[in-house]
Amino acid sequence: MNIRMIVYMLGWLLNTVATLMLVPFAVSIYYHEDSGKYFLACALALFVVGFLLTAQKPQKKSFFAKEGYVVTALSWLLMSVCGCVPFYLSGEIPSFTNALFECISGFTTTGASILSSVEDMSRCMNFWRCFIQLIGGMGVLVFMLALIPLTGGQDLHLLRAESPGPSVGKLAPKVQKTAYYLYAIYFALTGLEIICLYIAGMPLYDAVCTSFTTTSTGGFGVKNASLGAYSPAIQYVVGIFLFLAGLNYNFFFFLIIKRFKDAFSLQEVRLYVLIFGLAVIAITANLLNSGFVLEEGFRHAFFQVGSIITTAGFSSTDFDLWPSLSKTILVVLMFIGGCAGSTCGGIKVSRILIYLKTIKKELNQLCHPRNVKVIQVDDKSLAHTVLRSANVFFVIYILLFTISLLLVSVDGFDFETNFTAVASALGNIGPGLAKVGPTQNFDLYSGFSKYVLMFDMLAGRLEILPLLVLFNPMTWRRR
Amino acid sequence: MKIIIVGCGKVGYTLAQQLDEEGHDITVVDTNGDKIEQAISTLDVQGIEGNGTTFNVLSEAGIKLADLLIAVTARDEVNLLCCLMAKKTGNCNTIARVRNPEYMNEMNYLRDVLGLSMVINPELTCARGISNLVEVPSALDFTTFGKGRANLIKLSIPDDSLLHNMTVADFSKKVHSKTLICAIERDGEVVIPNGNSVLQNNDKIYVVLPPSELHSLLGKLGIKEKRIKNVMIIGGSRIAYYLAKRLGDAHIQVKIIERDFATCENISEMLPHTLIIHGDATDRQVLLEEGIEDVDAFISLTNMDEENLVLSMFASKVSDAKIITKVDKVAFSEVVGELPIGNIACPKNITAKSIIQYVRGLQNSIGSNIETLYRIIDDKAELIEFRVNQESKVTGVPLMKLNIKKNLLVCGIIRNGKIITPSGKDTIELGDAVLIVTTNRGMANINDILV
């Protein structure tokens, strides 16, 4: 284990976080808000520590998959702790646990809040909440990779550890270029949404914050009623961008390099669109049956499906009051999540695709025990290791879900609340149902339960295994 | 013509032999000295030991003056590189044997970029032949001519057929006017029929007809067509790959049984919609479990002739499927022909046949020339497609007035994309493609049909 190298990279992480903190500071100056000084103070402190850690370049540059996972896991813990300090110091979130919860919920793009009224927060604090979702969506390390070549050629381990999906590929020959493309697509989407929302009549501040949390599929809002506080036109715009944010970024990349046929034949994208469409139709039908009018029913169904399947967690209406079929569909979508290679959480559509193909293969195997079948996605054969890790991922996901559910149940709330709270935390969605529904918040849970949920959020964002690496004694042993 | 053959294996040797017989100057090149020695001691050819991709060896073989280079070594890459070298050095025509499916998929591009005159893939050609047989199961042999506008089909006349004791002239009047019987095989003898020839039960006849008329002919002859819906292929060779792909495209279910696991995985990747079974086909349990009794067609394509023969015989015993057997060695064709193994597919000679066909075309590039040549009935007769490029003694004259050779029949004229079944009054015109069938050898020009 190359500890020096890890510390060096964490130093760069602190520098990055410090730089990012200057953005809300600038916002506070613009709005003449007093609480901006905490950002400046934090940023300066982090710069000092970061400068000390990065002062000397390590001699030994060896950096392998293990180091990649450790750096990723530690980075996410570290930046969550650093990021919550302004909330805590300013006293806008008085409890440290709550501040940390809010910050982890931000970085992991979960969007679960412990605040009963976000409108009471100062503008720069609210901006920071949304801004960390933007950073966490594509990943801080990927952001660092796009700017600074750290390890010299072995950065792919970092990209792999931080990016969601069963098999992470490069868009360009160089990791730095790949990271650059990812962020370019990401920022382009965000910018486009800001413009669209502004045209649709949203105030600029709201448009910026909402766009940050849409393309990152985070789900923090600046209004207590989330997107319910805005006009139908704005809800449609956000709904469409949510749908786009759930697509695999390879899709956009193919569009940009004009390989349209490849883009539209991506099997994952097709399955995503299918699931999305079916869910919207089913919920619309269900809502129309229970008294919604056509446009409203469709709008809420479209928005809510987009919000839940991409694991953003906005709400255009209190879907906790919906009929049980609609709510159940939303809970199922929480587990599915968006496409791999997007900013979504959940199990990911590409894994669902792999599971469906594996099931078909296993069924055929019963009829023809000697059948040999290689599972292919997009005409490319999947390596055995990819299949195995996809299967193991599902097992761990369910296992972690079950254990968390047990631990959270200690607080004594009803099953629906606990079930959806854990599903929502692990899938990085945000709101659940019942007592953690869209109009409620997570403050009712005890400190212990909050830490369990925080762990789930981090595990869900990093796809579990990179985080669990920290707890494997083998990781810390000498080779 | 001066021809260089690189690679003196089975195909290279056969080519050298046949082209030598037709009077060309042949130089063979091979890295293996023993093979060169064998070639120059049995054939009237020149031999050079060395690597045919090097400038040195090619110069020594006289590439500058050569008209044609044929690369038939065991490796595709060597063949392609060799042709590229030859093209750049000597500006001659080049033919490469390419067998790897990955290259075949981009063949048109490769051919343009490397300036190849012809690419031959024996496995693909063989697979095409087999898939034709599967799609028309009652045919004993099936080929297409004139870019798919004419079919040559071998049929067996069933017992108690209305054709018994019928003359060929009556056949076209009473049975099917658009079909022309162009050869009759009876007791191992080949007859090129005229109007007075008489058909008998159990004759095997070759007919030429437009593809659209096929089913109506079979209906009139009382041959029942059972559509083939599922096929079992033994052995995951390249032929099996090409065949399964073609059959899959025609919505026929294909099952391939292969012994080697790595090969199974490999073809499963290339054929995602085909059922690949890993098992030893000589184990009867495997065959029965995979439903050999219920398949519509059974095709054995392993690398062992003996295994193919036994498996096909077993299949004919337990099922009433159409059976096709790959046999590489034709040494015992008399014995093999009597076994209940259905159609025989022999990929070995296909390469040589196609190349010779091309060479003839090249040689006759002035006047008329050969487009396609197909040998039938153990090479006893040839079916040749000529393209008429120049006015000659045969053009513009009704066929009955031409003094045509014995044992030769003009069996089709393709004009403006349509096939004409010729009668005595029809004429051959400039721009036609003419199909003839003959037992005479050495036909090189349309004028050769005259005495």
> Taking the Cα centre of each part, how many Å lie between the stretch B:401-444 and the stretch A:239-255?
Replying inline: 63 Å
> Which distance in Å, rounded to a whole number, links the C-alpha centroids of the stretch B:107-149 and the stretch A:384-457?
Replying inline: 61 Å
>> I'd like the FRET efficiency for B:Asn407 and B:Leu65, computed as 1/(1 + (r/R0)^6) with the beta carbon distance as r and R0 of 56 Å, rounded to 0.05.
In response: 0.90
> Does a label point 7 Å from the Cα of A:Lys57, set along Cα-to-beta-carbon, have any residues of the stretch A:1-37 with amide nitrogen under 17 Å, and which are they?
Replying inline: A:4-13
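Defining a contact as two alpha carbons under 8 Å apart and six or more residues distant in sequence, what relative contact order in percent does the stretch A:289-392 show?
Numbers: 79 pairs, mean separation 17.3, N = 104.
17 percent.
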> What is the gain in length, in nm to one decimal, between B:Lys173 and B:Val335 on full extension, counting 0.36 nm per residue of separation less the C-alpha to C-alpha distance?
Replying inline: 54.5 nm
> Roughly what would the spin-label model give for B:Ile40 and A:Gln376, points 7 Å off Cα along C-beta, in nm?
Replying inline: 4.8 nm
>> Could you tell me how far the Cα centroid of the stretch A:1-23 sits from the Cα centroid of the stretch B:166-243, in Å?
In response: 80 Å
> Quick one: if you stick a label point 7 Å off each Cα along the C-beta vector at B:Gln390 and A:Ala282, how many nm between them?
Replying inline: 7.6 nm
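Which whole-number percent is the relative contact order of the stretch A:260-336 (Cα, under 8 Å, 6+ apart)? Walk me through the numbers before you get to the answer.
Working: 54 pairs, mean separation 22.6, N = 77.
Relative contact order here is 29 percent.
Per residue of A:363-375, count partner chain C-beta atoms within 10 Å of its C-beta, then hand back the mean as an integer.
On the way: counts 0, 1, 0, 0, 3, 9, 4, 11, 9, 16, 8, 10, 3.
Partner Cβ neighbours, averaged per residue: 6.
Once you order the gyration tensor axes a ≥ b ≥ c over the Cα atoms, which shape class does chain A get: rounded for a/c under 1.5, otherwise prolate or oblate by comparing a/b with b/c?
Rounded shape, in that the Cα axes give a/c under 1.5.
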>> Give me the extension gain from A:Ser446 to A:Asn364: residue separation times 0.36 nm, minus the current Cα-Cα distance, reported in nm with one decimal.
In response: 24.6 nm
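Report, in cubic angstrom per residue, the convex hull volume of the C-alpha atoms of the protein assembly as shown. Can you show the working numbers first?
Working: hull volume 218.4 nm³, N = 930.
Taking the convex hull of the Cα positions in the protein assembly as shown, it is 235 Å³ per residue.
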> Working out 0.36 nm times the residue gap between A:Asp120 and A:Arg478, then minus their Cα-Cα distance, what length gain in nm do you get to one decimal?
Replying inline: 123.8 nm
>> From the helices alone, meaning DSSP H stretches of at least four residues, give me the mean residue ellipticity at 222 nm for the protein assembly as shown, per-run term -39500 (n - 2.57), in deg cm²/dmol to the nearest 500.
In response: -15500 deg cm²/dmol
>> Just want the answer: with Cβ charges of +1 for Lys and Arg and -1 for Asp and Glu, which residue in A:Leu266, A:Phe298, A:Ile195 is farthest toward the dipole's positive end in chain A?
In response: A:Leu266
> Relative contact order (percent) for chain A, with alpha-carbon contacts under 8 angstrom and 6 or more residues of separation?
Replying inline: 18 percent
> Each label point is 7 Å from the Cα along the Cα-to-Cβ direction; what then is the distance between the points at A:Ala225 and B:Asp160, in nm?
Replying inline: 8.9 nm
> Hey, can you list the DSSP H helices of chain A whose Cα span along the axis is 20 Å or longer and whose average Kyte-Doolittle score is at least 1.6?
Replying inline: A:3-30, A:36-54, A:384-409
>> Inside 10 Å of the C-beta atoms of B:288-297, what's the mean count of C-beta atoms belonging to other chains?
In response: 1
> With r defined as the distance between the Cβ atoms of B:Leu114 and A:Arg259 and R0 fixed at 25 Å, what FRET efficiency is calculated, to the nearest 0.05?
Replying inline: 0.40
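Can you work out the FRET efficiency for the pair B:Lys229 and B:Asn202, with r the C-beta to C-beta distance and R0 = 25 Å, to the nearest 0.05? Kindly include the intermediate steps, with their values, before the conclusion.
Values: r = 29 Å, r/R0 = 1.17.
Here the calculated transfer efficiency is 0.30.
Every number in this text was worked out from the coordinates using simple rules, so none of it is lab data. Owing to the predicted nature of the structure, the values given are computational and were not obtained by experimental measurement. With ideal geometry, Cβ positions are generated from the backbone for all residues, glycine too; neighbour counts draw on all protein chains shown.
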